[in-house]
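Chemist: The structure is given below, and queries will be raised subsequently.
The values are calculated or read from the model by the stated rules, or taken from the named source; none is laboratory data. Quick caveat: nothing in here was measured; it's all calculated off a predicted structure. Please note: Cβ atoms are built from the backbone with ideal geometry, for glycine as well, and neighbour counts cover all protein chains shown. Please note that ligands, DNA and RNA were not included when accessible areas were found on the heavy atoms of the full protein model with its side chains. Shrake-Rupley method; radii C 1.70, N 1.55, O 1.52, S 1.80 Å.
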Amino acid sequence: MAETGQGSCFHCGLPVPPDSTFKVRVEQVEQAMCCRGCQAVAQAILDNGLAEYYRNRTAMPGSGQEVLPEDVRKLALYDHPEIQRSFVIDAGEHAREAVLILEGITCAACIWLNERHLRQLAGVIDVDVNYASHRARVRWDDRKIQLSRILQEIQLLGYNAHPYNARQADELRKKRRKKDLQRIAIAGIAAAQVMMLAVALYAGSWYGIDARLRLMLRWFSLLLTIPVTGFAAIPFYRAAWSGIRSGHLNMDVPVALAIIGAFVGSVWVTVFGGAQVYYDTIAMFTLFLLATRMLETGVQEKSIESAENLLKMQPAMALRLRQGRQEYVPVLELEQGDLILSKAGDSIAADGEVVEGISGVNESLLTGESRPIPKRTGDKVIAGSTNLESPLTIRVTGVGEHTVLAGIVRLVDKAQAEKPHIAQLADRVASWFTLALLVFTALVLLAWLLHAPGKAFEVVLSVLVVTCPCALSLAVPAALAAASSHLIRRGILVLRGHALESLAYVTHVVFDKTGTLTLGQPRIAAIRPLAALDEVQCLRLAASLERASGHPLAHAFALRAEGLVIPEAVDTHNVAGCGMIGQVEGEMIRLGNRDWLDIRMMDLEAELQQEFPGATLVWMANAREAMAVFVLHDPLRDDAAAAVAALRQRGVQVSMLSGDDAAAVGYVAAQLGISQYRARMTPADKLAALQTMQRDGGVVAMVGDGVNDAPVLAGAQVSFAMGTGADVASQTSDIVLLSSRLGDVDVAVAVGRAAHVVMRQNLWWAVIYNLAALPFAAMGYVAPWVAALGMSVSSLIVVLNALRLR
């Protein structure tokens, strides 16, 4: 706990005025406060049963703040719908969600305090604060509480909160990085100077040195080391104390013990005399650790920045068209339905739909594919993409937090908060290893005190330094961060923390057909009426039913029926794996596969399949007779065959499960060289087939369209969805292929396996290094400065090995 001194405020640590009457009773003891704000904060903390905060905090917060009427009026502006539009999203009926940046976070106890206090407010559904980024994701019921009240409560605790902004978050990261560089610079300068003095001291010990000169060199070394121990090493002290107070020993505990122990011992020798000082070890150890930590932080932040850089691509201004005039307005002033003009070479300002113009658009920021994508009337465009060729008039469908890119950043943020099993295991091992190390160090100290007391301190210091479990704790996070960053740049979005780990073990990849192996853009190649109706009448009835369907085939009917008057269908519903049923013009009509409709026209089916190889047949019937059959053709994706071949070459079994008819599925399987396939399967059938593979010991990855295959995707160990358009933000799969390239499935499996290999290499290296170095250090064969160098090199190897994944 960060303690307060005599005459200091119990809450914030500032001096208490002599005439202050502000006090609170904590554990039967009255504690003085510097102001009414701190008194209010402390009382609120105690009243809500959060006194544990004062026992767990490792640094002082800002002083408490009374929320004055003027502040209340300012915070109330955040309740205005026009302002909320830029950063608040709908998270369900009456539920709202916002991402806030918290200023004033100093330790893990601050996170605990904010989360516990806000969750106790009536109407707050959930709060999650990310310690690394200081971002808080808050969800609340707007019928019970307003955002301004939440912000007031945060301010009452002594912190400030404001809406998350990618550019602002980048500025905060730069500020923290600058602080880290300052610590490294101070440690580096001090280490260089202290090492020069250490050379003289070591030489003097060997060849002889005047006692007064040796004392002077030691005092100079002491003065140079004070900034290292008093400023550069502060993060290690904070983290170590937080771990001790929470009962979870982390790798900073032996680090802090080594630095403090070495400094105290060296000061004692400098003042009272003795054989050896360790100022050079302190400076080197701190410098190497800070440099390694900064490199690790850089690797982890790359994956965050890769996602946030998407938001930075969105322009701040847009050219709005209104009443025949063009005017530049801030993007946040745009409303849904506004018309904007995107000129050639401009970044598109908002998500929208093209209403006029034809152009090529570069969506490489999202898909990783630099090839221009043709856009014409009716096509969707994404904020931040670049219009390359000619002007487009766009109707706005999403701005700010309601864009596809903002949704992707939210999903990435959520995925990074999840730790896979191997990362959790590494954390637990590091914690137990630290405890075992401290016990072993105590035994070594006892042994040397009995054997050679004069060398005990040096040996214990070497043991603490050389076996610091930094490499063990960095082994998994560094590899995961590097792999995730690489995948994001390729347009492969990992949405679940366990996905990368599971990919390493995949033995089966199962593909859906329509919209996955095929383009998902079927066209009606032929219509064969089977009753007293012509082609147009059959098409009108079928298009009416398909209006209510979300299946990829439904778009083919809408496209073919453009310009026709479509009757209204009522009582429609989808029968999974079979088709659609509903009432059109007073008659109950079904549209789907032949088996479901119980149509026995095998000869006609064979004739059509011979005439249209690989086509899908959709039949229509009423209660009396078959009415028509529609022949739909959906071309294969260009890279489908190459993707299947790459997976098989990697030793992965490839299967196809489809709800389509046997002839169409068999044709596609033959084209792609897939020997294991099944047709006419409902979602339940597909799930049962996946479970059979899993019972046989297989680790299954399912690739589907993310909508119709949702139950099957949920049943696979790893699930991929083809991510096109606005559906990306609402996917429930583990991984989304933003580029819709099937070859990226093989890339993801390769990166997953490579990440697993790197993690295992890192873990083995960390364990072997510690086990090998420990006996030598315990026997006194490793000098403290050599131990510092060895520990740092060990951690550096782990991080550099992880960087190979990028």
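Chemist: Inspect all residues belonging to segment 765-774 and state whether any of them is under 25 Å from R496 (Cβ atoms) and under 36 Å from the mean Cα position of the chain (by Cα).
Modeler: No; the residues of segment 765-774 include none that is under 25 Å from R496 (Cβ atoms) and under 36 Å from the mean Cα position of the chain (by Cα).
Chemist: Of everything in segment 331-346 that's in contact (Cβ under 8 Å) with a residue 60 or more places away in the chain and outside any loop (DSSP other than H, G, I, E, B), which residue is surrounded by the most Cβ atoms within 10 Å (Cβ to Cβ)?
Modeler: V331
Chemist: One residue is enough: does segment 213-227 have a residue meeting the conditions more than 21 Å from Y278 (Cβ to Cβ), basic (K, R) and open to solvent by 50 Å² or more (accessible area, probe 1.4 Å)?
Modeler: No, that holds for no residue.
Chemist: Look at G491 and say whether it is on the phi > 0 side of the Ramachandran plot, modelled with pLDDT under 80 and open to solvent by 20 Å² or more (accessible area, probe 1.4 Å).
Modeler: Taking the combined requirement at face value, the residue does not satisfy it.
Chemist: On to the next question. Do you know which of the residues in segment 422-456 that are among the aromatic types (F, W, Y) and modelled with pLDDT under 80 is farthest from G790 (Cα to Cα)?
Modeler: My answer is W432.
Chemist: A follow-up question, please. Can you tell me which residues in segment 113-147 are open to solvent by 70 Å² or more (accessible area, probe 1.4 Å), in a helix (DSSP H, G or I) and either among the aliphatic types (A, V, I, L, M) or modelled with pLDDT under 85 (or both)?
Modeler: Scanning segment 113-147 gives a single hit, R116.
Chemist: I'd like to verify a number: residues in segment 669-703 that are open to solvent by 10 Å² or more (accessible area, probe 1.4 Å), within 22 Å of G743 (Cβ to Cβ) and outside any loop (DSSP other than H, G, I, E, B), how many?
Modeler: Here the count works out to 5.
Chemist: Based on this model, can you work out whether D660 counts as surrounded by 23 or more Cβ atoms within 10 Å (Cβ to Cβ) and under 30 Å from A561 (Cβ atoms)?
Modeler: In short, yes.
Chemist: Also: State all residues of segment 282-330 that are surrounded by 21 or more Cβ atoms within 10 Å (Cβ to Cβ), among the hydroxyl-bearing types (S, T, Y) and at pLDDT 80 or above; if no residue qualifies, say none.
Modeler: The answer is T286, and nothing else.
Chemist: Please go through segment 198-222 and pick out each residue that is under 15 Å from V269 (Cβ atoms) and modelled with pLDDT of 85 or more.
Modeler: L215, M216, L217, R218, W219, F220, S221, L222
Chemist: Here's another thing I want to ask about it. Out of the residues in segment 533-549 meeting the condition of being open to solvent by 50 Å² or more (accessible area, probe 1.4 Å) and under 10 Å from A569 (Cβ atoms), tell me which one is nearest to the chain's Cα centre (by Cα).
Modeler: Within segment 533-549, the match that is nearest to the chain's Cα centre (by Cα) is A548.
Chemist: Output the residue which, of all residues in segment 757-766 that are surrounded by fewer than 21 Cβ atoms within 10 Å (Cβ to Cβ) and touching a helix residue (DSSP H, G or I) at 6+ places or on another chain (Cβ under 7 Å), is modelled with the lowest pLDDT.
Modeler: The qualifying residue modelled with the lowest pLDDT is L763.
Chemist: Separate question: Is it fair to say V361 is at pLDDT 80 or above, surrounded by 20 or more Cβ atoms within 10 Å (Cβ to Cβ) and more than 26 Å from the chain's Cα centre (by Cα)?
Modeler: The answer is yes for V361.
Chemist: Which condition number in (1) modelled with pLDDT under 85; (2) not in a loop (DSSP other than H, G, I, E, B) is the one that L249 fails?
Modeler: The number of the failed condition is (2).
Chemist: Of the numbered conditions (1) open to solvent by 10 Å² or more (accessible area, probe 1.4 Å); (2) part of a loop (DSSP other than H, G, I, E, B); (3) at pLDDT 80 or above, G520 satisfies every one except a single condition; which is it?
Modeler: (3)
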